[in-house]
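The values are calculated or read from the model by the stated rules, or taken from the named source; none is laboratory data. Every value quoted in this text rests on a predicted model; they were computed, and no experiment measured them. Heads up, the Cβs are rebuilt from the backbone with ideal geometry, glycines too, and the neighbour counts pull from every protein chain shown. SASA here: full protein model, heavy atoms, side chains in, ligands and nucleic acids out. Shrake-Rupley method; radii C 1.70, N 1.55, O 1.52, S 1.80 Å.
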Amino acid sequence: MEEQILLSVIIPTYKGKAYIRTAVESVLPVSCTKQILVIDDGSPDDTYDYCCRQWSQEPQVKVLRKENGGIVDARNFGLDHAEGKYLLFIDHDDQSVASVVDQAVARAEETGADMVMWSTERLYADGSRQPCDRVLQPGVVDKSTIDEILLPEMLINQGNTLVAPIVHVWANLYRRSMIRQGEIRFRRFVDYEDDYLFVFDCLRQARKAVLLNQVGYYWFYNPKSETYRQKYIDHILERYEQMY
């Protein structure tokens, strides 16, 4: 009998040959049964060929290619091809913390939570770090606490007691059945921060969430990256206002 895949890791990439290896190798040590989906979003260079060569002997890594459509489209493509019970998203120039991912999967299995949330940090080229998403109070929260405390704290980000705030897609583990049942997709609503909207949609659907105060993800501050350039530079203030 084939063993159930517990975790699907979705890593979109566009011209990410210089970064993608670190992202994939950061999650390979995760001990649960997993599939790592590298989604090449129609890169005009040899990123796809590089990925195919790099992990040709690694059965847990599956490299897929699609026409260019942007990170929203690539993440949705990953959702359509994921088979795992839980989902994890990584940007191609970042890195996850395998031990925290293992803990998150174990806690989700133990509690029946639909989401597990963790802290994240920005990682700079000189090795320095800065807090980004933050869990302030670890524990398990039910639907009423999600609706009455967690979501308002994330939206307003004032007087926070639980999170401060957690709005990036890679700061969470997600139960795939919750996403399917809620018909949740990434949306290019204002062409900015599609992950904010995805996280909010998931929290509105979630019945229970686990909060971990460990750092589970490092966002590499890299202005040369296509992901960073497209999402955080062009008209950032106007997009931020529209999103809220």
With criteria (1) open to solvent by 10 Å² or more (accessible area, probe 1.4 Å); (2) within 24 Å of L87 (Cα to Cα); (3) at pLDDT below 95, G159 comes up short on (2)
Test set (1) more than 25 Å from L37 (Cα to Cα); (2) of a type outside the set (V, I, T); (3) surrounded by fewer than 15 Cβ atoms within 10 Å (Cβ to Cβ); (4) free of Cβ contacts under 8 Å to residues at least 24 places away in the same chain - R180 fails condition number: (1)
Over segment 1-17, the set of residues in contact (Cβ under 8 Å) with a residue 40 or more places away in the chain and open to solvent by 20 Å² or more (accessible area, probe 1.4 Å) is Q4, I5, L6, Y14, K15
Could you tell me whether any residue of segment 136-148 is under 27 Å from N222 (Cβ atoms) and hydroxyl-bearing (S, T, Y)? no
Take the residues of segment 41-71 that are closer than 22 Å to R176 by Cβ and touching a Pro at 6+ places or on another chain (Cβ under 9 Å): which is surrounded by the fewest Cβ atoms within 10 Å (Cβ to Cβ)? I71
Mind checking which residues of segment 72-81 are at pLDDT 95 or above and open to solvent by 10 Å² or more (accessible area, probe 1.4 Å)? N76, F77, L79, D80, H81
Which pairs do you get when a residue that is on the phi > 0 side of the Ramachandran plot, found in segment 60-84, comes within reach of a residue that is open to solvent by 60 Å² or more (accessible area, probe 1.4 Å), reach meaning Cβ atoms under 8 angstrom, with the pair 6+ apart or on two chains? G70/R188; G70/Q230
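Please find, among E110, E153, the residue that is assigned to a helix (DSSP H, G or I) and open to solvent by 70 Å² or more (accessible area, probe 1.4 Å). Talk me through it step by step, then tell me what you get.
On the way: E153 fails: open to solvent by 70 Å² or more (accessible area, probe 1.4 Å).
Unique residue meeting the criteria: E110.
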Flagged in segment 1-29 as within 15 Å of F89 (Cβ to Cβ) and in contact with a Lys or Arg (Cβ under 9 Å, 6 or more places away or on another chain), in numbering order, are L7, S8, V9, I10, P12, V27
Among the listed residues V30, V101, identify the single one that is surrounded by 22 or more Cβ atoms within 10 Å (Cβ to Cβ), of a type in the set (A, V, I, L, M, F, W, C), part of a loop (DSSP other than H, G, I, E, B) and within 17 Å of the chain's Cα centre (by Cα). V30
Could you grab me the full set of residues in segment 124-154 that are in contact with a strand residue (DSSP E or B) (Cβ under 6 Å, 6 or more places away or on another chain) and at positive phi? G139
